[in-house]
Every structure is written in structure tokens, then in C-alpha cells.
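Here is the structure we will look at.
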Amino acid sequence: MNTGGKSHFAAGLSFYTLIAVLTVVSLAPFYAMIVMGTYDSFQLFRFNGLPSDYILHNFATISKTEFPTFMKNSLVMSLSSVFFSLLASALCGYGFAKFRFKGNKMLYNLVLFTMMVPSQLSIVAYVYEMKLFHLNDSLVPSILPYVFAGFGVFWMTQYIKDIVPTEVLESARIDSAGEFRIFFSIVVPMITPAVITLGLLNFVWSWNSFFVPLVTINDSRLFTVPLGINSFNSLYYQDNGAKILALSIATMPVVLLYLIFSNRLQSGLTAGAVKA
Amino acid sequence: MHTAKMKAPRKPLRIQNTENFGYLFILPFFLVMIVFSLAPTLFTLWISFTKWNFFSDMTWVGLDNYIQVLKGKMFYKSLLNTLRIMLLALPACIIAALGIAYMLEVKFKKFARTFKAISFLPYVTTPVAVGVLFGLLFDYQTGFINIFMQKLGLAKDPVYWMANPNYVVMIVALIVFWKNLGYFMLLYFAGLKSVPQEMYEAADIDGANTWHKFWYVALPTIKPITVFIVVTSIIWGLQIFDEPALLVVGTDNNLSIASTLGGPEKSVYTLVSYVYEEGFILFRTGTASAVAYLMTIVIVLLAWVGFKLLNREGSGR
């Protein structure tokens, strides 16, 4: 009994240590990033874990660059991705969940199948297609992949099936409400939680996206933050301090959203595994 | 009630019409998908049988691109590089996530929520920040890791991490591990919630210890989560590009993604790096398309093998 208690205590202690180490490892790079952003580049090697007073200089350096434009481009891209993907996937999910048209099941399975196909499969022709439509060097090619992402449709279909009662739709039809009015004034208010979650996920994915902007945007005025940060390398080649501050600022929107809505984001990201 | 009864004879016709409204609702999504995803996917297949640089006339070459790619070294090298990163990072990450999630769920529940939130932060962080950050941490002169190691006496001279092909692979694997640990844990937490409490209690009565309960109660129940993690890890792991590309470009001044692609001795040159270089640096679109299709075949095959292996093991127990 006594030894059991002791070994239990030892196991608990070692587990707490492990948790503490993992917490430090998870957070340390963030802390390092935020603090290093306050340093003069030439002082970076003297990094001692405490903030420096150089942050305003770095801030001035950043605001003189195109970084504000990069932030604006990223914001436009991410918000457009959110809006159009929500519209397309809510409409489509409602169609799959509440209408028994011919081919419903087959088309839904097709959507699920596209979730497994790597996005790079079509990239060569996609870039050419964008050139043909004169959409190259715009934010459109970076927005579209979120509009045709199967995950949104999957998420909306499941949610609408679970939440929206068919009887409500039936009685609205008896009151002869139009199908699109039913969708926008009855269904949309009922699925707001799912809309918010999916919107957050799309914002995070779009904000972090790198590959598609990399192959479709050449004009530096249209660079999103990930591409722009990369261009700091050649423009301000010595100023790592300013660059890290820019990174801290670029990470902020996503981290803030995460801190505020962590439960929603977590439930959205586990949906595929738990529900499928 | 009365209305429904009165309209009963006309109902079948009306329902028929209503059900077809579904097509209108799914139309916008399918329109975008067909034009911008399905069409380019098929066109890429066509391109893979041609010689073309986006501007020239297309020349039909049949299976030549595939043969050249499969005869060359780069496809196998990039495939092995990708697999090496995955094998270094993912099995350890999955096991660690499962172990920690289980311990938190059964023994240290009050910490679960906080730790879940903290450990998930790396997953949502912008890859470009992660790349630059790890590059700086492992920097030769100013990197925290070198300073730390020298102060503790672990190394006499600073280690030139980013110049050593093996170290770069390990750093990329470390990033992948660091990024996904919280996400995998989150999935396991969700799965462990579905284990009925009575099953643990029944095991307690039979005198099972924590380990037994884990092995015989929890693990079989959360099997679908493990299958999901393994299969999706295979699918996106084989597409890894951002982390290695952004790590090696991170602190190297005056360099671009194109010029640093793959890192020292191309040790982190992945399958997608190959597609990117052929298609968008060298403009050999035929080769790039062939590689993209071969990569997809590998992904489908390995995902299928992973799925089959895991399911067979389960039915055995």
C-alpha cells in the first residue's frame, strides 16, 4: 500500500514534469518571437529572454516597408475566402441535407472523395487556367481553393442534418414561402454556430496559406504576408529584428482568434475524425 | 393538420418539385468545383503526356514524361526525403499525443483544458513564422540553441545546424512534431470522451491497472481516431512543402524559395518541391504534371495500405 502510494506519487511527479516541459516547448518559440522582435538586429545574439526598448525603431522600419500592404492583402484574401466558401458550402450542404434529389448520395460521396485528393494534383493546369482568365497576379486564385473545398460542404451537410428539423421547412412551404427565402430567413439563423466555426477555420487556413499564392502572385504589391515576409530577405537583409516583429504582427490575428474562439476551432477540427 | 389533409392529393407532385430544388442549392459549389478543380485536374493529366512550357505549342510525347521521371533519381530522392521526415516525426508524435491525452483524461483532468489550449497553439501558427523562428533558434551565430548548448557546456564550438543535411531533416521533423502534437491530442481527447465510464469501472472491478485499462479498454474504443490520424497524416505528410521550404529560406539573407529549395544537399527536397521546381522554376510542365500524378498514386496507395493494416490488426485482437 505504502509503496503503491509512493510509486503513484513518483508517476504523478514525472508526468507533471513532462507536462511542464511540453508547455514550455509549446510556448517558448512564441515568447522568443515576441521578445526578439523588440531587439536591434545587431543585439540579437545577446538575447537574454527580456524585451529590449528597440521595438519602436523596428516598428518604424516595418511601417516604411510594404508590410502594411501585405497585411491588407492577406486580410482581403482571407475575408473573401471566408465569405465565398461559407456561401457556397452552406447552400450546398443545405441542398444535400434536406433535398432527396436523384444523385444526392453519389454527388455527396464525390465531394467527400475530393477531400482526399492532394491540391497539387491540378496546380499546373490551374495556374494556366488563371492566366487564360487574366486572373493571374490577383488574389482570386488564392481564394478559389477555399470555395471548392469539400470540407465545408461535409461540415455544413452534417450540421444541417442534425440541427434543422424538416417539419419547420415543411410548414414554411405550406405558408408558401419561396425556397431561397426559407434558406436565408429560417435555415441560416439556425446554423449560425456552424457558420462561425467554419468561417474561423477558413480564415486560419487562408491566412496561413503559402503554396498557391507562391505560384500565382508575382507582383510584389499583391503579396500576402507569408510571401511578403519572404521578400524581406532581399530588401532589408540585415534587419532580422524588424523581420521578427513583422512576424509577430502577422501571427497576431490568428492567435487572437484562437484565444477567443479556441473551443469552436477545436470542435471544428475534430469534426472530421469524430463524425465521419 | 387540416391543411395537410386537404392538400393530400396534390402532395406527391409538390414534393417532387421541392426535392429538385436541391440541384439549385448545390449548383454554385459544383460550378466552381467543376471549372476550377475538376477541369484543371483533367487538363493536368493531358499536360503530363506532352512537352510544354506554358507558352510553346504542346507536343504529344505519350508516356515519355512518366518514363523519364521514373528512370531519374529525383523522384525517388524526393519520395525518400518526404518519407524520412514523416517517419522521424509522425509515429513519435502520435504515440506521445495518445499517451499524454490518456493520462490527462483519466488522471489529471483539471489540467486537460488548459494544456489542450496551449499545446494546440503551434498548429494554428503561420508556417512562415514557424520557419523563420526555427531558423533563428538554430542559427549558427545568434541562435538560442547554440548559445544555450555552449553555456551548459554541451558543445564547445557553435554547431552549423542549417548547413548539415541531416540536422536540417531533423529540424524539419521537429517542426512537424511540434506543430501536430496538440492537434493529435485534441483528436484523442475527443475520442477518449466516447469511452463509456462503465467500461473503466468494470475493468476496475476485474483489478485492472491504468496500463491494462489503456490497452484493453481505451485503445480499442478510440481505434477509429487512430485510423483517421494515420490515414490523414499519410495524405498530407506526403504533400509537405511549406515547413522545409520556409525553414531553409528563413534566415538566409538575399535568398529566395527557388534558390534554397531542398536545403543542403537537397536533403529536405520533398515531392511537392519537385512539382514546384519542374513546373514553376524550370517550366517543364509536362514533367511537373507527371510528378503530380505519380505523387497522387503514391498517396492513394500508401493511405490504402495504412488503412488496411490498421483495420486488420484490430480484427485480430
**The listed residue being of a type in the set (A, V, I, L, M), more than 24 Å from A:Ser119 (Cα to Cα), at pLDDT 85 or above and part of a loop (DSSP other than H, G, I, E, B), out of B:Val159, B:Val217, B:Val195** = B:Val159
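Let's see how each residue does on (1) more than 10 Å from chain A (Cβ to nearest Cβ); (2) modelled with pLDDT under 95; (3) under 26 Å from A:Val147 (Cα atoms); (4) within 27 Å of the chain's Cα centre (by Cα):
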{"residue": "B:Ile26", "(1), (2), (3), (4)": "no, no, yes, no"}
{"residue": "B:Phe29", "(1), (2), (3), (4)": "no, no, yes, yes"}
{"residue": "B:Met33", "(1), (2), (3), (4)": "no, no, yes, yes"}
{"residue": "B:Pro40", "(1), (2), (3), (4)": "no, no, yes, yes"}
{"residue": "B:Thr44", "(1), (2), (3), (4)": "no, no, yes, yes"}
{"residue": "B:Ile47", "(1), (2), (3), (4)": "no, no, yes, yes"}
{"residue": "B:Phe54", "(1), (2), (3), (4)": "no, yes, yes, no"}
{"residue": "B:Met58", "(1), (2), (3), (4)": "yes, yes, no, no"}
{"residue": "B:Asp64", "(1), (2), (3), (4)": "yes, no, no, no"}
**Request:** Tell me, yes or no, whether segment A:124-137 has at least one residue that is surrounded by fewer than 22 Cβ atoms within 10 Å (Cβ to Cβ), over 18 Å from B:Ser37 (Cβ atoms) and in contact (Cβ under 8 Å) with a residue 60 or more places away in the chain.
**Result:** yes
**Asked** Which one of these is free of Cβ contacts under 8 Å to residues at least 12 places away in the same chain and under 29 Å from B:Ile297 (Cα atoms): B:Thr232, B:Thr226, B:Thr285, B:Thr270?
**Response** B:Thr232
**Item:** Residue count, segment A:10-58 (criterion: surrounded by 15 or more Cβ atoms within 10 Å (Cβ to Cβ) and part of a loop (DSSP other than H, G, I, E, B))
**Value:** 7
**Item:** Selected residue [surrounded by fewer than 19 Cβ atoms within 10 Å (Cβ to Cβ) and in a helix (DSSP H, G or I)] from A:Ser63, A:Ser81, A:Ser89
**Value:** A:Ser63
**Request:** Exactly one condition in (1) at positive phi; (2) in contact (Cβ under 8 Å) with a residue 24 or more places away in the chain is not met by A:Tyr258; state its number.
**Result:** (1)
**Prompt:** Got a number for residues in segment B:93-114 being facing another protein chain (nearest Cβ under 9 Å), buried (at least 20 other Cβ atoms within 10 Å of the Cβ) and closer than 23 Å to B:Ser233 by Cα?
**Reply:** 1
**Request:** Select, from B:Thr260, B:Thr287, the only residue that is within 14 Å of another protein chain (Cβ to nearest Cβ), buried (at least 22 other Cβ atoms within 10 Å of the Cβ) and β-branched (Val, Ile, Thr).
**Result:** B:Thr287
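The values are calculated or read from the model by the stated rules, or taken from the named source; none is laboratory data. Source: prediction; values computed, not measured. Note that each Cβ is placed from the backbone with ideal geometry, even for glycine, and that neighbours are counted across all protein chains shown.
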